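All of the numbers you see were taken from the coordinates with simple rules; none came from a lab. Because the structure is predicted, anything quoted here is derived from the model rather than measured. Positions of Cβ are backbone-derived with ideal geometry, glycine not excepted, and every protein chain shown enters the neighbour counts.
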Ligand code: ROI
């Protein structure tokens, strides 16, 4: 089993509902256990500004799947939730599921780069991640605290939740 962290994001078709549905699908993955999830956070889009605000969260999953088997599963969930690939880079999406970290493994192949390229400077990844694993060390030895101190919370909005699950 490896401890994997997955970033979830959506800015179309009721983002909160998309994230809840995705979490249910993650909980149902074979050879895997969903360990924790962060709160939901709203933020302005990074990239093209002419798109709706995003809702983001991070989940912790223990899995015996390989990185590529997990990637296939995540892409299937994205497609089941209506994801279409558009020409526009960094455009709006119903659901984005990114493998942020896969234990201490480094993966660098055409389909998959882990740790995730952009996670080190994105508030909507780092703050939710810190909620579920504040003492995290990255494979390169940096601590999550170090990354957070260089990444202002600015623009993130933690969403209150109606009721605990
Ligand atoms: N911006 C925010 N705030 N949240 C995201 O999940 C997100 N995902 C993306 C781009 C388009 C880069 N911008 C984002 O892929």
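Numbers at a glance
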| read-out | value |
| --- | --- |
| Unique match (being within 16 Å of residue 71 (Cβ to Cβ) and surrounded by fewer than 16 Cβ atoms within 10 Å (Cβ to Cβ)) among 108, 98 | 108 |
| Yes/no for residue 38 being buried (at least 19 other Cβ atoms within 10 Å of the Cβ), more than 22 Å from residue 82 (Cβ to Cβ) and in contact with a helix residue (DSSP H, G or I) (Cβ under 8 Å, 6 or more places away or on another chain) | yes |
| Matching residues in the stretch 80-95 - criterion: being surrounded by 13 or more Cβ atoms within 10 Å (Cβ to Cβ) and without any contact (Cβ under 8 Å) to a residue 24 or more places away in the chain | 83 |
| Those residues of the stretch 46-57 which are touching a residue at least 12 places away in the same chain (Cβ under 8 Å) and either on the phi > 0 side of the Ramachandran plot or more than 11 Å from the ligand (Cβ to nearest atom) (or both), in sequence order | 47 |
| Residue check for residue 27: in contact with a strand residue (DSSP E or B) (Cβ under 7 Å, 6 or more places away or on another chain) and more than 16 Å from the ligand (Cβ to nearest atom) | yes |
| Elements of type strands (runs of 3 or more DSSP E) contained in the stretch 60-165, each with 1 or more residues being within 12 Å of the ligand (Cβ to nearest atom) and out of contact with any helix residue (DSSP H, G or I) (no Cβ under 7 Å at 6 or more places or on another chain) | 96-102 |
| Members of the stretch 7-24 found to be more than 26 Å from residue 68 (Cβ to Cβ), part of a helix (DSSP H, G or I) and within 15 Å of the ligand (Cβ to nearest atom), listed by number | 15, 16 |
